[in-house]
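Working notes for the structure below.
The values are calculated or read from the model by the stated rules, or taken from the named source; none is laboratory data. All figures in this text were calculated on a predicted structure; none of them were measured in a lab. Note that we place each Cβ from the backbone using ideal geometry, even for glycine, and neighbour counts take in every protein chain shown.
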Amino acid sequence: MDELYNTFTNSYNSIKRKNEAFFEFLRTYVSDILSYPNWNMSEETKLLLEPEERHESSSGNSDDYAYEISAQELKQWKTNYGALKGNEELVPVKNRITFAWCDINAYGQEPANPNQNRLLSLVTRQEKAQKHILKNVSGVAYPGELLVLMGSSGAGKTTLMNCMTFRNLKSLTISGLVCINDQPVTQTQLAAQSAYVQQDDLFFGCLTVKEHLIFQALVRMDAHLTYKERMQRVEEVMGEISLKKCENVQIGEPGIIKGISGGERKRLALAAELLTNPSLLFCDEPTSGLDSFMSLNVVQMLKAMAQTGRTVICTLHQPSSELFQMFDKIGLMAEGRTAFLGTPQQADEFFTKLQAPCPINFNPADYYIQILSIIPGREESCKEAVKCICDAFETSTVGISIKKSTAATKASVNEDPWSHRKELLSPYKVSWWAQFRAVLWRCWLSIKKNPRLTKVKFYQVFFLSVLISLLFWQQTYDQVGVQNINGALFLFLTNATFLNLMGVILIFCGELPLFLREHKNGMYRTDVYFLAKITADLPIYTFINIMGTTICYFAIGLNPEITRWLMCVLICILVTYVVMGAGYVISTISTSIQMAQTLVTVVVTPFLIFGGMFLSIQSVPPYLQWLADLSWFKYGNQALLINQWSNVDHIICDDSSFCPKNGLVVLASQGVSVDQLWTSIIALVILSIIFRIISFLALLHKAYYFE
């Protein structure tokens, strides 16, 4: 930038006559660079950048305002600008954000005292003591700067970041203001102008880098943009964040699917936030889990983004000295107070005045965190030292200037900015249909590319179907054959239950953390995700069950009529849909995959008992009849038996008196009548719908109360 400034001032003296192309270039590009808060322009430079009307109106002294620059000189200007600009798009001056937080106080519940008598506490109705976590914390971050918050464990930097972004504030009592350009903002207003890169990276591991960014572009960018413009922005961001070389590589899941490196995952999380070109960027521990080289790479990118006019605020845990040199501003937190906020040079001067200068050849970040830490066994002396440092900063020149800069933001606020914590952080950017198409596309890709749902499941169903076919190969319609056929039909139901149920609960439950985060960020609605998920699951589950049922049906030698085969396939598909609905219920009410797997046995076993194979339906006690009415085994077994035996007129019998003479006798022995066929089919349809409604309500509850 100094090179550009020198070129600018040197060229000024040689300019003689006005040149339209030169002025257009100045107004469009150079003014963006020279308008940084820390950039001091000379009076001559300011004169050049003034509106064109002033130059035209000065006819009395036209030589002072007449300019001429050759095409070659103009080309050189643009070359110099391009070298400084690089691949980053500059944020327009009008969109730049000065972010301030004013007198933030945060109170949380004190941990319970194990020695306290609970009965006494209940009798006396003592209120829980509140812990003062943040204490009148104020600060300001300017566009074009990289501000890094640091502090020891428990210093309050994470709570401060959460207050800045209105996130993870459950059970906290907050006061103070968060302001953009001297105007107090609420949660939704802030999210509409900012982006937040969280510490934990959550992705669909089977998607590629480009596919992930395409999905993010489809749901996060403004609705008026065309598909071509969105894809162009994806390409630009991948170029800026250096992800082009791995754009077609799967993201991967640690220990399951090999994918991109840890540094590339961090850059991908950052790239997703940059698609909307935010003016304000928050990053929570962006170097967590990375080695020194990758950490340097990530911080360099944050620095480059700040140089484009963005306001970048992040928290870092003990950065290296090399990283420390790249920070524009540092914020030191200790005991819930601001120990320092300013440039690294100002920090050195501040601590030198306190007679605690950073030693030579010592990492300043480590030193500052060390002197602000509370050492076990020396708590009182350390707290006293921290209090002295924080008090000294409040009365220092830098501290007073921050107080003055944030004082203007303490305007009257019509409503409490902390009263809408459960709202979405940002409004939906695209329509319901656009959200549905994007989420459905991603769900289908994740199923198609997930070997656990395609190849493994296909081979699993095929193997079991062949095994059942060999065990029950071409049964004859005699007394033994009737028993075997009835057992094979019930196996259809058990296979449809356990194979499909386990697949649904594992995948849906595993996606819940990612769904909750994306929904909270305002990317798509809960009903959009749920409908897209159940729609994307249908084809693969339907095809696999048709294949398995068909193989077994003809191998066993069931009712040869084509209409009976089609009805059997329909019944098995309906049972599969009911089982998937039950799996959705289990996965949405569970807090973990382990809990969901445990609930499978608890839920399925009662329904299996009341299915009619192990216990006659007529012998079910009245007080347990409701369990039988919810059993898909019962309705599926009845429908399959009726479909198989209702038109069988003759069964081979020996002299045994227990041999059924025809299919109607078989049905009567099972307690089933022919007129129950459509009743059972309708019951399966209703159960499928009811289970999905229950699971959707459970998902909606989690989405609402998630924070």
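Yes or no, residue by residue, for (1) outside any helix (DSSP H, G or I); (2) modelled with pLDDT of 85 or more; (3) in contact with a Gly (Cβ under 7 Å, 6 or more places away or on another chain); (4) surrounded by 18 or more Cβ atoms within 10 Å (Cβ to Cβ):
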residue	(1), (2), (3), (4)
406	no, no, no, yes
409	yes, no, no, yes
422	yes, no, no, no
426	yes, no, yes, yes
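Any residue in the range 471-482 that is assigned by TED's automatic domain parsing to the domain that holds residue 645 and more than 18 Å from residue 554 (Cβ to Cβ) sitting within a Cβ distance under 6 Å of a residue that is at pLDDT below 85 and assigned to a loop (DSSP other than H, G, I, E, B)? List the pairs, counting only those 6 or more apart or interchain.
479/659
Considering only the range 310-394, give the helices (runs of 4 or more DSSP H) lying wholly within it that have at least 3 residues that are in the same structural domain as residue 152 (by TED's automatic domain parsing) and exposed (fewer than 14 other Cβ atoms within 10 Å of the Cβ).
Details: elements: 321-324, 344-353, 364-371.
Hits in the range 310-394: 344-353.
Can you list the helices (runs of 4 or more DSSP H) lying wholly within the range 608-707 that have 3 or more residues being within 49 Å of the chain's Cα centre (by Cα) and closer than 19 Å to residue 558 by Cα? Even if it seems obvious, please write down each step before you answer.
On the way: elements: 625-629, 632-645, 663-669, 677-705.
Those helices (runs of 4 or more DSSP H) span 632-645.
Yes or no: residue 260 surrounded by fewer than 23 Cβ atoms within 10 Å (Cβ to Cβ) and either in a helix (DSSP H, G or I) or at pLDDT 85 or above (or both)? Show your work before the answer.
Numbers: surrounded by fewer than 23 Cβ atoms within 10 Å (Cβ to Cβ): yes; either in a helix (DSSP H, G or I) or at pLDDT 85 or above (or both): yes.
Criteria met by residue 260.
For the range 529-554, which positions are among the aromatic types (Phe, Trp, Tyr) and surrounded by 19 or more Cβ atoms within 10 Å (Cβ to Cβ)? I'd like the intermediate steps shown before the answer.
Pass one, the range 529-554, residues among the aromatic types (Phe, Trp, Tyr): 529-530, 541, 543, 553-554.
Residues satisfying the conditions are 529, 530, 541, 553.
Every residue in the range 179-192 that is closer than 20 Å to residue 524 by Cβ and either free of Cβ contacts under 8 Å to residues at least 24 places away in the same chain or among the polar types (S, T, N, Q) (or both), please.
Hits for the range 179-192 are 187, 188.
Please list, ordered by first then second residue, the pairs with beta carbon atoms under 7 Å, 6 or more apart or interchain, first in the range 305-333 and in contact (Cβ under 8 Å) with a residue 60 or more places away in the chain, second of a type in the set (D, E, K, R) and in a strand (DSSP E or B).
315/284
Answer yes or no: is there a residue in the range 493-505 that is in a helix (DSSP H, G or I), of a type in the set (Val, Ile, Thr) and either closer than 19 Å to residue 609 by Cα or not assigned by TED's automatic domain parsing to the domain that holds residue 614 (or both).
Restricting attention to the range 493-505, the residues satisfying the condition of being in a helix (DSSP H, G or I) are 493-505.
Filter once more, so that each one left must be of a type in the set (Val, Ile, Thr): 494, 497, 504-505.
Still in the list and also either closer than 19 Å to residue 609 by Cα or not assigned by TED's automatic domain parsing to the domain that holds residue 614 (or both): 494, 497.
Yes, some residue in the range 493-505 is in a helix (DSSP H, G or I), of a type in the set (Val, Ile, Thr) and either closer than 19 Å to residue 609 by Cα or not assigned by TED's automatic domain parsing to the domain that holds residue 614 (or both).
Is it true that residue 526 is closer than 17 Å to residue 692 by Cα, surrounded by fewer than 19 Cβ atoms within 10 Å (Cβ to Cβ) and among the hydroxyl-bearing types (Ser, Thr, Tyr)? Break it down stepwise before answering.
On the way: closer than 17 Å to residue 692 by Cα: yes; surrounded by fewer than 19 Cβ atoms within 10 Å (Cβ to Cβ): yes; among the hydroxyl-bearing types (Ser, Thr, Tyr): yes.
When the stated conditions are applied, residue 526 passes them.
When you go through (1) out of contact with any Leu (no Cβ under 6 Å at 6 or more places or on another chain); (2) surrounded by fewer than 19 Cβ atoms within 10 Å (Cβ to Cβ); (3) part of a helix (DSSP H, G or I) one by one for residue 476, which number turns out not to apply?
The failed condition is (3).
Any residue that is surrounded by fewer than 17 Cβ atoms within 10 Å (Cβ to Cβ) and among the hydroxyl-bearing types (Ser, Thr, Tyr) - is there at least one of those in the range 565-586?
No, that holds for no residue.
Could you tell me whether residue 296 is surrounded by 21 or more Cβ atoms within 10 Å (Cβ to Cβ), on the phi < 0 side of the Ramachandran plot and out of contact with any His (no Cβ under 7 Å at 6 or more places or on another chain)? Don't jump to the end; show me each part of the working.
On the way: surrounded by 21 or more Cβ atoms within 10 Å (Cβ to Cβ): no; on the phi < 0 side of the Ramachandran plot: yes; out of contact with any His (no Cβ under 7 Å at 6 or more places or on another chain): yes.
No.
Please find, within the range 207-235, the residue that is surrounded by the most Cβ atoms within 10 Å (Cβ to Cβ) out of those that are in contact (Cβ under 8 Å) with a residue 60 or more places away in the chain and part of a loop (DSSP other than H, G, I, E, B).
Here the answer is 207.
Any idea how many residues of the range 159-198 are closer than 20 Å to residue 306 by Cα and of a type in the set (Ser, Thr, Tyr)?
Count: 3.
Do any residues in the range 270-299 that are β-branched (Val, Ile, Thr) have Cβ atoms under 9 Å from those of residues that are surrounded by fewer than 21 Cβ atoms within 10 Å (Cβ to Cβ) and in a loop (DSSP other than H, G, I, E, B), where the two are at least six apart or on different chains, and which pairs are they?
Filtered contacts from the range 270-299: 276/221; 276/222; 276/429; 287/317; 298/290; 299/326.
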